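For reference, the structure is listed below as C-alpha cells.
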Amino acid sequence: MDPEIQKMREVALVYLDRSGGLQKFVHDCKRYNDSKQSYAVYRFIISINPSDITELDATLGNYILHNPLQAAEIFQSVCFIAIKTLSLIEQLQTEAQISILLKPTHLPPLPSYVLSFSAYPFNYASQRFYMSEGIVIAMGTVTKYTQGARFLCTEETCPFSEGRFRYIRVHCPGATEAATVRTDFVCSLCSSPLQEDMKFRVLGDKQIVEMIDAKVLNALKGHSNDKSHFRIQAFTVFLRDELANKMTIGNHYRIIGIPACVQNGLQATVCIEVNSIQLCKPNGPSFLSDNFKYLLSLTSSSCWRFTAVLANIFASQVVPPGTYNTLKLAILLSLVQTCEKENADYLDLLIATSDTVVVDRLLNYSLYLLPRGIRHPPSSEIFPSVSKDKHGTGSASIQACSAVLAKGGVCYIGDLSSYKKDKLELLQSVLESRTTTVFIPGKKYGEEADQQVTISLQTNFWSFVDVDSSSKKHIQKDNFLIGQMDMSLIPANLVDVFGLLIYNEFPSCRLSSPLVHHILKKAISPEAMLYKVSQQFRTQDYEEFISFAKNLHVELSSEAENLIQGYYLASRRVRRDSIHGSTLSASALKILISLSKAHTKLSLRQKVLEEDALIAILLLESSLTLKHGTSALCVAPNSVFPFDLSDENSLQQRDIYLMQCHHQLLKFIAAYGPGIHITTNEE
C-alpha cells in the first residue's frame, strides 16, 4: 500500500474523531443496522471543514479540494474498517457498498475556486469542488434516480451469480441513469454478461434546477448607469436526496459542487452536482451620504419637510425638480416598503396619466435604486408557468417570471390596458393573496396524480394607465361622481386592489415649460447634469438611502393608530351606498398602515407619528376620490403638495396647510366616527 495513502487514511480518522464526524457516522450506522435490511449501497454524508483538515494535514486537505472523488475513497476505506472493527452494520459485506459524500463547509476565497458561466474559461472538466452563485429561475419536480445497484453474473455456475455483493454500481457526479445501470457489463471471472438484481436497487430523490448569474438583474432593469457588456448564461444544478426541495424559486444561492458535462442525445450540458447550499442574504443597510444627513438636520423642525424636499428633488436626472411631486413621493414610499419577508407591508402603485413617456422614464429610473427592480418584458410571463424539462426526463419544470425575479423589490408591468382579461384577473388574484398557484397535470408530465404548487410573490407591483387611451376606447359614462376618474378600461375590482391610484396631472401650469426644456436638453446631451441637486444627491446616494431606510424597523404610536382607525371607521360609514354597502375595502386599513410606516422610514424615524398617518390618509383619500368620488372629508386633488416648493417660506406654508388638514380630519372623525374620541393638542 502507498504510504502516503495510508497516512491520509490515518489523518482522516483523526479528523473524524476530532470534528465529531465519527460520532455521527456511528449513529448513521446504527440506523442502518436496526433496519435489518440488506442494501446494495450504504450512503454516508461527511461534513468537511477545509481549513481545519488542511491545518491537520495539508496533503489530505489539498486532496479533498482538488480530487474529491479520490478523497472520498480514502474516507470510504476508513469507514469500512470502522464498521468491520466495531461491528456497526452486520449486513455489510464489501467496501464497494459504502458511498461517501463529502460536504465542504466552504472553499478558500480565491478566484480559482469560483466557477462563473459568464467568464471564460469554464474549466468544468476538472471534477473538483467549485463555488458558484446564482438566482433560481426554474425548478423541476422531484423524481427518482439510482443511488446504487447490485449486479450478478448470468452464468449459473459462476461464484458471482448469487450471494455476494461483488459488482456494485454507485452514482457519480454528472452520471446519467443510463450510465449508472448500463447493460453491457461482463463478469471479470467468466466474462459472462452481468444482470442487475432489481430487488437491491437503491433509489434517491433528484431535482433539476436552473440558475443564472445575479448580473441578470441589471439587464432586466429599465435604467442603468452601467455601460459594460457581459455574457449571461443559465446553468443546470442537480439537487439530490437531502438537498431536494431545499431551494426556492427566485432566491439567490451560493452553492458548492462538482461540475460535470451531461450528454443528452447530441447535446452536451454543463451542470453542477451540488454538495452544499447557502442562501445569500441581501446586503445590510448602507450608510447615508453627508448631504442627506445635512438635509435631515436642516428640516428637523418639521416632520413633513424632509420627505417633501426629498420628493421635490428626486429623479432630477429624469424630470425637473418640483414636478410630479405626489407621484415621486408615492414611488419613494413604495421603494422603502420592499423586503423579502412574508406578510410584509406591500405598497402597489397604479398611475393614471396622459404623459406615458415621462412616467415610464420616471418608473424605469426608480427601479434602478433597488437590487431587484424588474421591468417586465412584454414577450415573457409575469407569473410562473410550467414547461417540460429540457434535460430529457419528461418531468415538469416551473419557470420563474418577472414577479418571482423581483422578490423583495418591485415588478414594473408597464401599461395595464395592454393586457388581456385573463392576465388582469390573475393579477387581481395575486394582489389580493400575494400567491399564485401553478397547476401541473400528472398525465402530461409522467406523474400519477395532478399537482398544485403555490408560490409566494413578495414584491410590489407598479403599473400605469393611459387616460387618453381609455377615453378613446370607451364611451364615457354620465354618472360619474365629483372627483371620480373614468377607469372603465380596467376592471373596477383590479383598480381597488392596487394600494394607491395616483393621477399625476396636477403640477402647476408653470412647470410645463421646465419639463420641455429638460427633455430637449437631455436629448442633446444625455449625460449632462442639468441641476445642482443632481450633483449633490446622486443616483448612488439615493440607492444607498433607500437601502438604509427600508431596513429600519418602525412601530406604530398609539396616537397614529387611533388616527388611522378613526379615519378608517369614519370613511367606511361615509363611503357607503344602499346596494353595495361600504365602498372602502378591508385592505384599506393595511394600506394606511403601510403608507404610514413607509413615510416614517422615509423620514428616517422608527416611531410612526400622527404626522406620518396624516400623509398616509391624504394620499389614500385622494386615491379613493379618484376611484369612487369625493367624500365628506373633501380633500384637494394635490393635497400633499398644494404649493410649489421653491424656498423655506413655501415649506412653512405647506406645514400650516397640513396642520389645517389635520384639524379638518379630526372634525371629520368626530362627526362620522362611531363613538371615537381622539385627543387633540388643544385639549
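Grab the Cα-Cα distance for MET659 and ALA632, subtract it from 0.36 nm times how many residues apart they are, and report the gain in nm with one decimal.
Full extension of this stretch gives 7.9 nm more.
Highest mean first, how do 29-36, 431-438, 214-221 rank when packing is the count of other Cβ atoms within 10 Å averaged over residues? Walk me through the intermediate numbers first.
On the way: 29-36: 13.2, 431-438: 15.5, 214-221: 17.1.
Result, highest mean Cβ count within 10 Å first: 214-221, 431-438, 29-36.
For the range 1-147, just list the percent of Cα-Cα distances falling in each 5 Å bin from zero outward, please.
2, 8, 16, 18, 16, 15, 11, 8, 4, 1, 0
How large a share of the accessible area of the chain, in percent, is made up of carbon and sulfur atoms when the probe is 1.4 Å and the other protein chains stay in place?
Carbon and sulfur atoms account for 52 percent of the accessible area of the chain.
Cross-link list LYS281/LYS407; LYS221/LYS388; LYS199/LYS390; LYS30/LYS206: which exceed 19 angstrom alpha carbon to alpha carbon? Don't skip to the answer; put the middle values down first.
Working: LYS281/LYS407 12 Å; LYS221/LYS388 28 Å; LYS199/LYS390 31 Å; LYS30/LYS206 25 Å.
Over 19 Å apart, Cα to Cα: LYS221/LYS388; LYS199/LYS390; LYS30/LYS206.
For the range 159-191 and the range 317-365, what is the centre-to-centre distance using only Cα atoms, to the nearest Å?
62 Å
Relative contact order of the range 134-219: what whole-number percent is it, with Cα pairs under 8 angstrom and at least 6 residues apart?
Relative contact order for the range 134-219 comes out at 48 percent.
Tilt of helix 648-672 relative to the longest C-alpha principal axis of the chain, in degrees (0 to 90, nearest 10)?
Once rounded, the angle reads 90 degrees.
Whole number in Å², please: accessible area per residue of the range 311-352, 1.4 Å probe, ligands, DNA and RNA not counted.
Accessible area per residue: 22 Å².
From the phi of every residue in the range 50-55, what ³J(HN,Hα) in whole Hz does the Karplus formula 6.51 cos²θ - 1.76 cosθ + 1.60 yield, where θ is phi - 60° and glycine or proline is x?
Result, ordered by residue: x, 5, 5, 6, 6, 5 Hz.
If contacts are Cα pairs under 8 angstrom and at least 6 residues apart, what is the relative contact order of the range 1-105 in percent?
Reported relative contact order: 39 percent.
Between the range 17-95 and the range 530-552, what's the alpha-carbon centroid distance in Å?
Comparing the Cα centres of the range 17-95 and the range 530-552, I get a distance of 54 Å.
For THR85 paired with SER587, estimate the spin-label separation in nm (one decimal), with each label point 7 Å from Cα along the Cα-to-Cβ line.
Placing both labels 7 Å beyond Cα along the Cβ direction yields 6.5 nm.
Using a cut-off of under 16 Å, list every residue of the range 363-406 whose amide N is near the label point 7 Å from the Cα of GLU543 along the Cα-to-beta-carbon line.
Residues 364-375 fall inside that zone.
Once both axes come from the Cα atoms, what is the angle between helix 610-628 and the longest principal axis of the chain, in degrees from 0 to 90, rounded to 10?
Rounded to the nearest ten degrees, it is 80.
For CYS172 and SER354, FRET efficiency with R0 = 56 Å and r from the beta-carbon atoms, rounded to 0.05?
On the way: r = 63 Å, r/R0 = 1.13.
Computed FRET efficiency for SER354 and CYS172: 0.30.
Starting from the 7 Å offset along Cα-to-Cβ, what nm value, one decimal, do you get for the label separation of ILE45 and VAL26?
Label at ILE45, label at VAL26, 2.2 nm between them.
Considering amide H positions built from the backbone, and no H for Pro or chain starts, which residues 5 or more places from SER276, or on another chain, come under 5 Å of its amide H?
ILE256
So how much accessible area does ILE100 have, in Å² to the nearest 10, using a 1.4 Å probe?
20 Å²
Relative contact order for the chain using alpha-carbon pairs under 8 Å, separation at least 6, rounded to a whole percent?
12 percent
Let me spell out the model: positive unit charges on the Cβ of Lys and Arg, negative unit charges on the Cβ of Asp and Glu, origin at the Cα centre of the range 520-655. What dipole size does that give, in debye rounded to 20?
The dipole of the range 520-655 has a size of about 520 debye.
Please calculate how many Å² of accessible area the range 1-105 carries per residue, with a 1.4 Å probe and no DNA, RNA or ligand atoms counted.
It amounts to 50 Å² per residue over the range 1-105.
Could you tell me which of the pairs LYS246/LYS601; LYS215/LYS341; LYS423/LYS444 are separated by over 26 angstrom between their Cα atoms in the structure shown?
In this structure, LYS246/LYS601 exceed 26 Å between Cα atoms.
Using only alpha carbon positions, build the gyration tensor of the chain, then give the equivalent ellipsoid semi-axes as the square roots of 5 times its eigenvalues, largest first, whole angstrom.
Its equivalent ellipsoid spans semi-axes of 61, 27, 24 Å.
How far, in degrees from 0 to 90, does helix 558-574 lean away from the longest principal axis of the Cα atoms of the chain, to the nearest 10?
Around 70 degrees separate the two axes.
The values are calculated or read from the model by the stated rules, or taken from the named source; none is laboratory data. Computed from a prediction, not measured in an experiment: that's the story for all the values here. In this analysis, Cβ positions are derived from the backbone assuming ideal geometry, glycine residues included, and neighbour counts consider all displayed protein chains. The protein model used for the area step is the full one, side chains on, heavy atoms only, and it has no ligands, DNA or RNA in it. Shrake-Rupley method; radii C 1.70, N 1.55, O 1.52, S 1.80 Å.
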